[in-house]
Amino acid sequence: MDSIQQTQEKWKGKAKTELLGCKAEQVWPLLEDFFGLGKWFPTLSTCIPLEGTSGKPGCVRFCGGFKTPVDEQCKKNLNWTKQKLLSIDPIQREFSYSIIDGNVGFHNYVSTVKVIEKDDGCVIEWLYEVEPVEGWKLEYLDLFIGSGLDEMGQRIQGALKIMEDALVGASN
């Protein structure tokens, strides 16, 4: 069978990270700030608004400076994407976005991020799908998103702990 005629299925994946002792209503406001991803995602040096208001569907952010599992040691070009917020539901604590432009080879990328309440904390879940990316394997994308999400969870958990400690200290 001619490889040009084969149509590949979209890659689909899911990553999740658990934040023990953190309530979903504490975590959600940090994630729903669509223009604030740079505060939490590792290796992302730039996240700035391009269009619209953060948290309103249709707004667009520019994300740049991140490293991916396929970057060569001496890569000189800045990795960047433009990302558009498609929908947001503060009641369900989830939003969806797509990559609308960039230089990392992601085409028809759509992601949904959810914050799910649990008895002992919450879980951040990141579902994604994209057309197969040249030079990548699905495992690379799973690693990139999974490890990034784990680090995001640790950073959010740390920030909430600092706030809690400061507020407890201030009330004593």
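The values are calculated or read from the model by the stated rules, or taken from the named source; none is laboratory data. Values in this document were obtained by computation on a predicted structure and should not be read as measured data. Heads up, the Cβs are rebuilt from the backbone with ideal geometry, glycines too, and the neighbour counts pull from every protein chain shown.
Assigned to a strand (DSSP E or B) and basic (Lys, Arg): does that describe residue 161? Let's see the steps before the verdict.
Numbers: assigned to a strand (DSSP E or B): no; basic (Lys, Arg): yes.
Spelling it out, it is not the case that residue 161 is assigned to a strand (DSSP E or B) and basic (Lys, Arg).
Hey, among the residues in region 148-172 that are free of Cβ contacts under 8 Å to residues at least 24 places away in the same chain and of a type in the set (Gly, Ala, Ser), which one's nearest to residue 128 (Cα to Cα)?
158
Within 21 Å of residue 12 (Cα to Cα) and part of a helix (DSSP H, G or I): is that true of residue 152 in this structure? If you could, list the steps in order and put the result at the bottom.
Working: within 21 Å of residue 12 (Cα to Cα): yes; part of a helix (DSSP H, G or I): yes.
Considered against the rule, which asks whether it is within 21 Å of residue 12 (Cα to Cα) and part of a helix (DSSP H, G or I), residue 152 comes out as yes.
Here is a list: 37, 44, 31. Which entry is assigned to a loop (DSSP other than H, G, I, E, B), under 21 Å from residue 152 (Cα atoms) and either of a type outside the set (Ser, Thr, Tyr) or at pLDDT 85 or above (or both)?
Working: 37 fails: assigned to a loop (DSSP other than H, G, I, E, B); 31 fails: assigned to a loop (DSSP other than H, G, I, E, B).
The conditions single out 44.
When only residues in region 55-87 that are hydroxyl-bearing (Ser, Thr, Tyr) and not in a loop (DSSP other than H, G, I, E, B) count, which is modelled with the lowest pLDDT?
First, the residues of region 55-87 that are hydroxyl-bearing (Ser, Thr, Tyr): 68, 81, 87.
Remaining after also requiring not in a loop (DSSP other than H, G, I, E, B): 81, 87.
Details: 81: 94, 87: 98.
Checking each candidate, the answer is 81.
Report yes if residue 145 is surrounded by 14 or more Cβ atoms within 10 Å (Cβ to Cβ), in contact (Cβ under 8 Å) with a residue 24 or more places away in the chain, on the phi < 0 side of the Ramachandran plot and in a helix (DSSP H, G or I), otherwise no. First the steps, then the outcome.
Working: surrounded by 14 or more Cβ atoms within 10 Å (Cβ to Cβ): yes; in contact (Cβ under 8 Å) with a residue 24 or more places away in the chain: yes; on the phi < 0 side of the Ramachandran plot: yes; in a helix (DSSP H, G or I): yes.
Spelling it out, residue 145 is indeed surrounded by 14 or more Cβ atoms within 10 Å (Cβ to Cβ), in contact (Cβ under 8 Å) with a residue 24 or more places away in the chain, on the phi < 0 side of the Ramachandran plot and in a helix (DSSP H, G or I).
Being part of a strand (DSSP E or B), under 26 Å from residue 19 (Cα atoms) and over 17 Å from the mean Cα position of the chain (by Cα) narrows it down to one of 117, 125, 129, so name that one. It would help to see each step written out before you state the result.
Numbers: 125 fails: over 17 Å from the mean Cα position of the chain (by Cα); 129 fails: over 17 Å from the mean Cα position of the chain (by Cα).
Answer to the selection: 117.
Looking at the structure I just gave you, is residue 96 part of a strand (DSSP E or B), polar (S, T, N, Q), modelled with pLDDT of 95 or more and more than 13 Å from the chain's Cα centre (by Cα)?
Details: part of a strand (DSSP E or B): yes; polar (S, T, N, Q): yes; modelled with pLDDT of 95 or more: yes; more than 13 Å from the chain's Cα centre (by Cα): no.
When the stated conditions are applied, residue 96 does not pass them.
Could you count how many residues in region 132-142 are of a type in the set (A, V, I, L, M) and either part of a helix (DSSP H, G or I) or modelled with pLDDT of 90 or more (or both)? I'd like the intermediate steps shown before the answer.
Within region 132-142, the first condition is being of a type in the set (A, V, I, L, M), and the residues that meet it are 133, 138, 141.
If we keep only those that are either part of a helix (DSSP H, G or I) or modelled with pLDDT of 90 or more (or both) too, we end up with 138, 141.
Residues meeting the conditions: 2.
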